[in-house]
Amino acid sequence: SASRYEHSVVLCTAGYDHTIRFWEAPAGKCYRTLNFADSQVNQLAITPDKQYLAAVGHCHARLYDVMKNTSVPVRSFSGHTGNITAVGFQKDRKWMYTGSEDGTLKIWDMRQRSGFTRSYPSKAAINTAVLHPNQGEIISGDEDGNIRVWDLTANACSYELVPDGKVAIRSITIAPDASLVMAANNRGTCFIWKLNEGEGSGGNVFQPLHKIEAHDTFCLKAVISPDVKYLATTSADKTIKIWNISKKFELEKTLVGHQRWVWDCCFSADSQYLVSASSDMTSKLWKLSTGSILMEYKGHQKAVTCVALNDNNDE
């Protein structure tokens, strides 16, 4: 039953100790540790079918088999020349995308072993990139404060936005129903736009909806819950804040418990729980209805910078 359990919930953390850890979510037990050679890990992504885990670091992007206990990657992706800050998969795992501080966004065909199939130049270091649910566009945010929409069909940048001058965009999140896009920046501000399908109209696709002064310092991650009811923001102020989308982004809860910067977080599929990653070397599981910590995942020897969770049941 262990392997069946492992497959039903995949929870991974990684960071500056060059390791990736797999956890039994309810028990808090680490059942597998992979070594990520030559680099810290900046981001993790699990394929929708829970078969593979992508881990990205400085110049290195690697793909691991979730079910196999080996640090040998199934595939390594070389081509980036700086820190890779973003990674994700097309929903049927046809391709993977990466964004990097080298200023490029790259698309990698998962069915062929060669290098990247496309590379989009961004002029500035990319800090964040997300795939639109339509699977045809990637939205990136960079160090110079630009948000860009990359149209994968037209093979070009189709839209550009500068919400707050030169203030670096740290994290972008898009609602699963594609209704909203949000961007968090180094000032702690969160910008929220309604997404209009302005195809062919050439009109303003991002309609300004709201702006939150979410934190007084760096906002490191912003994530919209799967049910599109909440926005979670993490910060250098050691907190995670939960904002109620339907109540005009009213602050619902502040999750306090981490001792240092909170770098990353992700929601469970039912939007009831949140897992966070922090420089305090822990990852924590939070129950959102109460704001309480249900579990701590301890074992990393340095800062935990990223967490990935896939507990979808639509197998």
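The values are calculated or read from the model by the stated rules, or taken from the named source; none is laboratory data. Here the structure is a predicted model, which is why all the values come from computation and not from measurement. Virtual Cβ from ideal backbone geometry, glycine too; neighbours counted across all protein chains shown. To get the accessible areas, we keep the full protein, side chains included, count just its heavy atoms, and leave off ligands, DNA and RNA. Shrake-Rupley method; radii C 1.70, N 1.55, O 1.52, S 1.80 Å.
List of remarks:
- Tabulated pairs, the range 121-150, first under 23 Å from residue 226 (Cβ atoms), second acidic (Asp, Glu) and part of a strand (DSSP E or B), C-beta under 9 angstrom, 6+ apart or interchain: 128/142; 131/137; 136/151; 137/151; 138/151; 147/160; 149/137; 149/160
- Any pair with Cβ under 6 angstrom, 6 or more apart, that starts in the range 61-84 at a residue that is over 16 Å from residue 35 (Cα atoms) and ends at one that is open to solvent by less than 50 Å² (accessible area, probe 1.4 Å) and among the hydrophobic types (A, V, I, L, M, F, W, C): 77/61; 77/108; 80/59; 84/56; 84/61
- Residue match in the range 14-21 (condition: among the basic types (Lys, Arg), touching a Phe, Trp or Tyr at 6+ places or on another chain (Cβ under 9 Å) and closer than 19 Å to residue 303 by Cβ): yes
- All positions within the range 107-144 that are over 17 Å from residue 183 (Cα atoms) and part of a strand (DSSP E or B): 107, 108, 109, 118, 119, 120, 121
- Residue 293 passes every criterion in (1) β-branched (Val, Ile, Thr); (2) closer than 22 Å to residue 163 by Cα; (3) assigned to a strand (DSSP E or B) apart from (2).
- In the set (1) open to solvent by 30 Å² or more (accessible area, probe 1.4 Å); (2) without any contact (Cβ under 8 Å) to a residue 40 or more places away in the chain, residue 218 fails one condition alone, (2).
Every residue, every condition in (1) out of contact with any His (no Cβ under 6 Å at 6 or more places or on another chain); (2) under 27 Å from residue 169 (Cα atoms); (3) surrounded by fewer than 19 Cβ atoms within 10 Å (Cβ to Cβ); (4) not hydroxyl-bearing (Ser, Thr, Tyr), yes or no:
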site	(1), (2), (3), (4)
16	yes, yes, yes, no
26	yes, no, yes, yes
31	yes, no, yes, no
46	yes, yes, no, yes
58	yes, yes, yes, yes
63	yes, yes, no, yes
78	yes, yes, yes, no
86	yes, yes, no, yes
92	yes, no, yes, yes
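- When the residues of the range 162-193 are filtered to those that are open to solvent by 10 Å² or more (accessible area, probe 1.4 Å) and on the phi > 0 side of the Ramachandran plot, the one that is farthest from the chain's Cα centre (by Cα) is 165.
- Among the residues of the range 136-147, not a single one is open to solvent by 20 Å² or more (accessible area, probe 1.4 Å), of a type in the set (S, T, N, Q) and under 25 Å from residue 41 (Cβ atoms).
- Under the condition of being over 16 Å from the mean Cα position of the chain (by Cα), of a type in the set (Val, Ile, Thr) and open to solvent by less than 40 Å² (accessible area, probe 1.4 Å), the residues counted in the range 100-135 number 2.
- Count of residues meeting criterion [out of contact with any Phe, Trp or Tyr (no Cβ under 6 Å at 6 or more places or on another chain) and under 14 Å from residue 250 (Cα atoms)] in the range 203-223: 3
- Residue 262 vs. criteria buried (at least 16 other Cβ atoms within 10 Å of the Cβ), within 19 Å of residue 14 (Cβ to Cβ) and touching a residue at least 40 places away in the same chain (Cβ under 8 Å): yes
- Some residue of the range 283-300 being hydroxyl-bearing (Ser, Thr, Tyr), farther than 21 Å from residue 85 by Cα, in contact (Cβ under 8 Å) with a residue 60 or more places away in the chain and open to solvent by less than 70 Å² (accessible area, probe 1.4 Å): yes
- So residue 234, is it among the hydroxyl-bearing types (Ser, Thr, Tyr), within 25 Å of residue 176 (Cβ to Cβ) and part of a strand (DSSP E or B): yes
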